[in-house]
1. If the Cβ limit is 7 Å and pairs must be 6+ apart or interchain, which residue in the stretch 66-92 that is closer than 18 Å to Asn115 by Cα pairs with which residue that is assigned to a helix (DSSP H, G or I) and open to solvent by less than 40 Å² (accessible area, probe 1.4 Å)?
2. Within the stretch 57-80, is there a residue that is modelled with pLDDT under 85, at positive phi and either out of contact with any Lys or Arg (no Cβ under 6 Å at 6 or more places or on another chain) or among the acidic types (Asp, Glu) (or both)?
3. Which one of these is in a loop (DSSP other than H, G, I, E, B) and open to solvent by 100 Å² or more (accessible area, probe 1.4 Å): Leu36, Leu19, Leu29, Leu57?
4. Would you mind stating whether His109 is over 17 Å from Leu120 (Cβ atoms) and either of a type outside the set (A, V, I, L, M, F, W, C) or in contact with a Ser or Thr (Cβ under 9 Å, 6 or more places away or on another chain) (or both)?
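The values are calculated or read from the model by the stated rules, or taken from the named source; none is laboratory data. From a predicted model like this one, the values you see are computed outputs, not experimental measurements. Neighbour counts are summed over all protein chains in view; Cβ atoms, including those assigned to glycine, are modelled from backbone coordinates with ideal geometry. Quick note on the areas: whole protein, heavy atoms, side chains included, nothing else; ligands and nucleic acids left out. Shrake-Rupley method; radii C 1.70, N 1.55, O 1.52, S 1.80 Å.
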Amino acid sequence: MKELVSRMREPRSFRAYLLRMLITRSLALMAVGACLLIGQAMAVNTTSSPVQQPEPLPHWTAADATAFPGCSPLTSWPKGVVAPPLVVHRFSDGSTVRMPFGPAWDANHDGTDANDVLVLGICS
């Protein structure tokens, strides 16, 4: 035991100090490099699966105004008033048609998305 204690008290040579410093710093650098490489390998490649932008929703256009005379955009619909016929966009076939309020309401509230409609305008 005395030998160990006396060995620890002996001054170290420059070579021993340099070797000890280089080994510890090399191990630390390799550990950091390994963590960075593992992180890079686990990263998600964003170019392989681009995010698809959702299609914009249809809106009232000048073409709708000429196709449905006597109808106006949805913004002119007063709150709390049941409109007579509506101009709606059907998602099932992509068409824009005139539809009574009742069937449009039923289509949007029947629990399925297959026949939903988007109200674009109201007719007088």
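1. Leu86/Ala104; Val87/Asp64; Val88/Ala104
2. Yes, because at least one residue in the stretch 57-80 is modelled with pLDDT under 85, at positive phi and either out of contact with any Lys or Arg (no Cβ under 6 Å at 6 or more places or on another chain) or among the acidic types (Asp, Glu) (or both).
3. Working: Leu36 fails: in a loop (DSSP other than H, G, I, E, B); Leu19 fails: in a loop (DSSP other than H, G, I, E, B); Leu29 fails: in a loop (DSSP other than H, G, I, E, B).
Testing whether each residue is in a loop (DSSP other than H, G, I, E, B) and open to solvent by 100 Å² or more (accessible area, probe 1.4 Å) leaves just Leu57.
4. On the way: over 17 Å from Leu120 (Cβ atoms): yes; either of a type outside the set (A, V, I, L, M, F, W, C) or in contact with a Ser or Thr (Cβ under 9 Å, 6 or more places away or on another chain) (or both): yes.
Yes.
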